[in-house]
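The values are calculated or read from the model by the stated rules, or taken from the named source; none is laboratory data. Note that this is a predicted model, so its numbers are computed, not measured. Cβ placement follows ideal geometry from the backbone for every residue including glycine, while neighbour counts extend to all protein chains displayed. For accessibility, only protein heavy atoms count, side chains too; no ligands or nucleic acids. Shrake-Rupley method; radii C 1.70, N 1.55, O 1.52, S 1.80 Å.
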Amino acid sequence: MIELGEVVVRIYNIFFGTSVLFLIAVGLNLIYGVMRIVNLTHPAFFTLGCYTVAGLGVGIVISLLGTSLTPLLIIPPLIAALIVVIASLIVFPLFIYMSGKGDEVQLLVTYGLLLIFEDVFRLIWGVEPLRASQAYEMAGSLIVGEYLIPVYNIYVILSALILVLLLWLLLFKTKIGILIRASSMDIEMTAALGADVKKVLLVTVLLAGFLAGLGGGLYLPSASVMLGMSVELLVLAFVVVVIGGLGSFLGSFVGSFIVSVLRTITLMLFPELELALIYIVAILILTFKPEGLGGGRKW
Amino acid sequence: MEILKLVNLKKYFGGVRALDGISTTLHEGEVVTIIGPNGAGKTTLINTISGYVFPDSGRIIYMNEDITKSTPIERVNKGIVRSFQLVNTFDKLTVYENILVSLISSRKYQNKMTKTLDSYTDILEEAESILKLFELGDKADNLITSISYGDRKLVDVAISFALNPKLIMLDEPTSGVATKDKDDIMKKILEAIMKTGVTAMIIEHDMDIVFRYGKRVMVMHQGKIIADGGVEEIRKDEEIKKILLGGVYA
Amino acid sequence: MVERLKKAFGDDLRSNFILLAIIAVIYPAIYAISPGWGIVLGHGITWIIALLGFNLLFGYTGLLSFGHALFLGIGAYTAGFMYKYLGINSIELHILGSILSSAVVALAIGLVVVRYTRIFFAIFMLAIAQVFWSLYYKFYWITGGTDGIKMARFSILGISLEHLDFTTYHHIYFYFTTFLTTILIYLMWRIVNSPFGLTLKAIRDNEVRAKFIGIDIYKMRLYAFIISAIYAGITGALVANHHRLVTPDIAYWTTSGKVVFATLLGGTRIFIGPLIGSFIFHVIESFAMRFIYWQLIMGAFIIAIVILMPGGIAQILRTFVESIRHSGRIGG
Amino acid sequence: MSGKTGRRDFLKGLVGGLVAGAVVGVAGTELYRGIAAPPPPAVKEPVPTTPIKAGIQAYLTGGGAIWGKPMMQGAVLAIEEINERGGILGRKIEYVVKPETSPEETVREYRTLVLDEKIDFYVGLISSSNTPAVGPVAEELQKLSFFVDGCTDFLFESVVPDPRFCFRITNIQSADGISAALGAIKLLNLMEKDKVRIAHIHPDYAYGRNAHAHMQITFEKVLGKDRVEVVYEAFPGLFKVTDFTPYITEIIASKPDILASSLWGADVVNFYKQALGYGLFDKMKFVSCIAHAASPAEAVKDFPDGHIAGVHANYFFLYPEWDKYPINKAFVENYYKRWGTYPDSPAEGAYVAVYMYKTAVEKAYEVLGKWPEVDDIIKMLEGMTIYGPAGPIHIRARKPNKHQCYKDGIVGLSKYDPRYGFSVLTNPVVIPISRITVPEGWEGTPDPKAGTLAYSWIRETWKEGVLPV
């Protein structure tokens, strides 16, 4: 017999999982959508966000403002986003170089960058897993029936929702958003119409970096970050975008949601199949619906 | 002998009537030039005959056989071959290799993987004769992307010829070629057609070329054949002139 | 007319065999000076085969497989299972077995995946390879899980090598593999220069036109896929015998990455590319591993090579050799 | 507890000449076995003055680095200490470090160490996947190799059943799961319960499977099969998961009494952090066989109190108590001075490995009167017992598991200690290693599914319902 509290907690887990995966996948899709670059480096940006919060952000906040919850919730993820935006800016020339080049060039360059990032993390932050769970602990837990759920995760879910809204406003209601969407449809045409395509690409890369950094920054207090994390996230992120649809904004959400639901169900019924089942679903979707479950929509 | 018979072919794209009841007959050895304004349905007609698109209704009879539902490959195997409006070649191969590919396909050699090409002297010889036919011999070893646009158009046509076609359809073989070279190309193509005796269907935009080289001319407009006859006949028809002028030169 | 089929440097058999011969001749000297580098050459020669297979699919057919670890895994586990469950340690039988198993698996998978191209094909292969990898993990009572399957030294022509010292044993492995690689290079050279090979290139360059000159693209791609898988499977069986251990790592996506990067490093448009790529990649990797921050070095190398020599190292070599020939002709 | 008594006996006999920090080799009765016990030669040949070269191979990247780094530090510390005191018989030790990665690359780098760097001995390896890969290569290249961890039973039971050149320092893998389960039974008084509901969560690779099998059979044998009920089992991929919340929910929903786990490194950090937010630790007791083993300051900083803290059946720096066992005190102090952190299981293992080499060389020199050949060193090592920071450690000379080192396992309860700023192991229970491992000379066959002799041995020889320690 399943109790109500159990159901609530599981649904809540699904929302949390969806939020985190979405924050990784959306940037990956954004860059693919606009630049047609399969950015293997993207998970390293998320990881950089995590490292920044654990190794820098929380320390800064506590030394300046003391250990109080609200600044800890808000400031470290923003610092993380800022650092990742700076990192994106540094590697941006490589993205310009890659756009329009073959798949193989993109795979090589972005994989090379991923390797470099992993060692930079080691150089700066060492080999031990890092964490900064002050905010997670201070936020406490809610009681749901016989269960406890951490309040911090609700904060992550809400933040992801707000981000979706802001992103939607940016993409659909601002000039640069319209240009980004236009570029994703036909970049040459957009250029022909007189738009500064390089600027659009810059904004896209920085936006993807911002989202990854913020995502990592929001996620970290509930987990830890360690070397090799970006490599592990990479395949998972791919599965998410394949299920949702490559390059699709809506697909990022759909893919994240489906992977989260799948995880929860497999772990409940047959935990041994967790990884294999996610890959198998990805294969089935590629076989029968290669445009993904996002309905093949670009946005 | 009748080689191709089209019976009331219709193809709509949304509200656009690309083919609106096309019926006509081609005889063996005939060379038909198709003209008409943009959007008249010329390319769609070739696409339909070659199997690139399927008609909404109507039938295609080829050598007394209904091929309306055949796949492109089946049609190629039966001898229906086409070229494309834009140059459509194998860009990282040489001129010679482009023609070889085509010969391999027509001889059904594509599954042969244990012996290198030099042991297939039959296709090598044939490739040489096709090169000669189109006067491409001196450019044979050049990468296709390194020769002039006009020559690439010729290679494109040569690829089609290498398939040993019975019916060849050329979609604007001189489009995009500098005006001064158009004559030369068209002359070479027509010579090849004459020498091989193949039945041909050529879409052409350039009226000068059409009137200089055409024999039977078919005029299309809004998915219909509005005229079909000898060059002189068409040239004199004022009504047609108006349509063509309105479509092409306006 | 046959002259037209004459190959430039790198696409001819001769330069491939000369390079191979040079390596086979200097190998004992290198091993004598530094056995470590001798073993690196052993890795290099082993991986050429898989890289050749990968390049048939990528360089010649235009399909970028990001899951070739799948077939290396099949080959390696076939050899492992043959030893573990049937007690077979003959390397010839291991190779035969992996040819069969990788062909069967490739046929089953190929029927579905060769419908796709570009990034979809890449990700598809990645996902399937990951499923196989997770199966090697999960069925640990059959596969040994991460402990893997331990193998004895192989026997060759029925002769056991169990009592040889390591150096002799490695020399035998090296020259056996060189011999096998030579044959497989020759076969691959015939394949890519056959009517079939030219057809694949045509499909790579222009799928639509290829279809309209009557080529069955699906079938051609499927054949290429199976041949490619067989080559990767053979390397898998050799790697299993070289390390005498089979673990799921060989089927992990990083192995696929290695295949892709090594091939691209060498050059994909030139026949000799995989041969050069395999050696250079292993040298760079082994060199980088001498440093603590080897990932950084490796990553920087990869990016630098892609940007500075987009055609791969073989392309640069070709330009160099052709320019020497050219100036020689003018001078003479 | 016989383990403790044994240790006290030793301490009584320990003469005051013991230099703090030095690890002293004690020649057991078996030490001279294999050498026709000639009288020590009167004239000793001069020892070469060239330095000895050590090869160290450790994880420097990825999730394994949390074990690799302390392992390297332990080995380096031992080498530096020895060099400071003039080296081994006057010969200084140099060292080369190589990365440990996947088996294929690890073997390649191992070969470079032996063949190119021409090392005299080798210390390294954490992963259970790598020792079975490197072991046969060590035998093939005839290089004296001390594997610090990579403790799979599989290595000396089937891969290298008759080793000459490779030795392994940390306790065998099966001992890990068994001692954690026994510790839990004792410390949590599980014998008194009518029924014990168990949930499992282990990393999905050989080590996790092994820990799962041995914890489970121990519970079943000691508590009785009918009294044990498995309510949930999950095997997340090693370092593949960062969000454990769905696992946590399922574990809580299955309402276990204890949660048996062999998660380690970042996995255990993520798991317990997230589990705290879901109140998991209030609802069950967490039984870990490894969480406190490596880099505890990082891995279990604010781990909840009162749960079973496992250290991989090896070593926790507070034990043996410093006041009673100065070797440990000196080790911890020197290690802290050198590296600014407290030593852990891999650090201790690597440290002991270097001293084992030193001790064996010196003993052999005493007997032979000249710098020993590798065979002489091996003869000295086989059957040797030396005293390391964790207590006496014995190298087996006979099958099964020849060349495997054995020392008493230790399990305790977790407790946050403000002095150190992280969770430490308290209430230590010492598990005599002889009670939980297959005795020398036992002839059975490994259990087909669990894959180990230990499993078959427990299944066949333990009495149901009896606590063996």
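As a size descriptor, the averaged projected area of the C-alpha convex hull of the protein assembly as shown was calculated at 58.1 nm². Membrane-span-like helices in chain A, defined here as complete DSSP H runs extending at least 20 Å along the helix axis by their C-alpha atoms with mean Kyte-Doolittle hydropathy no lower than 1.6, are A:4-35, A:69-98, A:151-173, A:197-219, A:229-244, A:249-269, A:274-288; this is a sequence and geometry rule, not a statement about a membrane.
Given q = 0.16 Å⁻¹, what are the Debye log10 I(q)/I(0) values for region C:1-254, with equal point scatterers placed on the Cα positions and solvent ignored? Log10 I(q)/I(0), no solvent term: -1.19. Listed by chain and number, the lysines whose alpha-carbon sits under 17 Å from that of residue B:112, ignoring those within fewer than 8 places in the same chain, are C:201, C:219.
Per residue of chain B, the DSSP helices (runs of n ≥ 4 H) give a summed -39500 (n - 2.57) that works out to -11000 deg cm²/dmol at 222 nm.
Solvent-accessible surface (1.4 Å probe) assigned to residue C:325 amounts to roughly 100 Å². Would you please state which residues of region D:372-387 a label at residue D:164 would reach in this model, taking the label point 7 Å out along Cα→Cβ and a backbone N cut-off of under 16 Å? Output list for this probe position: D:373-382.
Enumerate the whole-percent occupancy of each 5 Å bin, from 0 to the last occupied one, for all C-alpha pair distances of region B:196-242. Whole-percent P(r) values from 0 Å outward: 5, 19, 32, 28, 11, 4, 2, 0. Largest first, the residues C:43, D:212 sort by 1.4 Å accessible area into D:212, C:43.
When you restrict to C-alpha pairs under 8 Å that are six or more residues apart and normalise by the size of region B:1-112, the relative contact order lands at 24 percent.
Counting protein heavy atoms only, the protein assembly as shown has 61 percent of its accessible area on carbon and sulfur, 1.4 angstrom probe.
Taking amide H positions as modeled 1.01 Å from N, with prolines and chain starts lacking one, the residues under 5 Å from residue B:169 and 5 or more places away or on another chain are B:81, B:82, B:83, B:201. Comparing region A:1-64 with the 2.2 N^0.38 Å rule of thumb, its C-alpha radius of gyration ratio is 1.61 (two decimals).
By DSSP, what percent of the beta bridges with both residues in chain D are antiparallel, rounded to the nearest 5? Of all bridge pairs located within chain D, approximately 40 percent are antiparallel.
For the protein assembly as shown, the antiparallel share of DSSP beta bridges with both residues in that region comes to about 50%. Within the full protein context, the accessible area of residue D:408 is estimated at about 40 Å² for a probe radius of 1.4 Å. In chain D, if the dipole is taken from +1 on Lys/Arg beta carbons and -1 on Asp/Glu beta carbons about the Cα centre, which of D:441, D:52, D:159 is farthest to the positive end? Comparing the listed Cα positions along the dipole, D:441 ranks first. When only Cα pairs below 8 angstrom with a gap of at least 6 residues are kept, chain A shows a relative contact order of 33 percent.
Hey, how many Å between the Cα centroid of region A:169-215 and the Cα centroid of region B:87-101? Region A:169-215 and region B:87-101 have Cα centres spaced 38 Å from each other.
For chain B, the C-alpha radius of gyration divided by 2.2 N^0.38 Å, with N the number of residues, is 1.02. Three principal axis extents of region D:122-266 based on alpha-carbon atoms, in descending order, are 54, 34, 22 Å. Note on chain A: the C-alpha convex hull projects to 16.6 nm² when averaged across all orientations.
How big a patch of accessible area, both sides summed and in Å² to the nearest 100, lies buried between C and B at a 1.4 Å probe? Using a 1.4 Å probe, the pair buries roughly 3400 Å². Taking 7 Å steps out from each Cα toward its Cβ at residue C:165 and residue C:3 produces label points 5.6 nm apart. Ordering of C:127-135, A:35-43 by packing is A:35-43, C:127-135, highest average first (other Cβ atoms within 10 Å, averaged per residue).
Seen against the Cα atoms of chain D and their longest principal axis, helix D:2-13 is set at about 30 degrees. The figure for residue B:241 is an accessible area of roughly 90 square angstrom, using a 1.4 Å probe on the protein chains alone. With every protein chain in place and a 1.4 angstrom probe, the accessible-area ranking of D:460, B:191, A:128, A:6, largest first, reads D:460, B:191, A:128, A:6.
As a calculated quantity, the FRET efficiency between residue A:193 and residue A:78 at R0 = 35 Å, using C-beta atoms, amounts to about 0.50. Ignoring lysines fewer than eight residues from residue D:225 along the same chain, the ones with Cα atoms less than 28 angstrom from its Cα are C:138, D:186, D:193, D:195, D:255, D:283, D:285, D:449, D:463.
Computed on region D:358-469, with alpha-carbon pairs under 8 angstrom and 6+ residues apart, the relative contact order is 15 percent. A 1.4 Å probe run over the protein chains yields, for the protein assembly as shown, 35 Å² of accessible area per residue, whole-number rounding. For residue B:180, the lysines whose Cα comes closer than 29 Å to its Cα, not counting residues fewer than 8 places off in the same chain, are B:42, B:92, B:132, B:139, B:153, B:188, B:195, B:215, B:236, B:241, B:242. Interface of A with C. Using a 1.4 Å probe and counting protein heavy atoms only, the two chains hide about 3500 Å² of accessible surface, both sides summed.
Kirkwood radius for region C:129-200, taken over all pairs of different Cα atoms as the inverse mean of 1/r, rounds to 16.0 Å. Over all orientations, region A:109-266 has a Cα convex hull whose mean projected area works out to 12.1 square nanometres.
Every Cα-Cα pair in region A:44-122 was counted, and those over 19 Å apart are 47% of them. Total buried accessible area between C and D, probe 1.4 Å, nearest 100: 3200 Å². Convex hull volume of the Cα atoms of chain D, normalised per residue: 134 Å³. Sorted largest first by accessible area at a 1.4 angstrom probe radius, with every protein chain in place, the residues D:285, B:153 fall in the order D:285, B:153.
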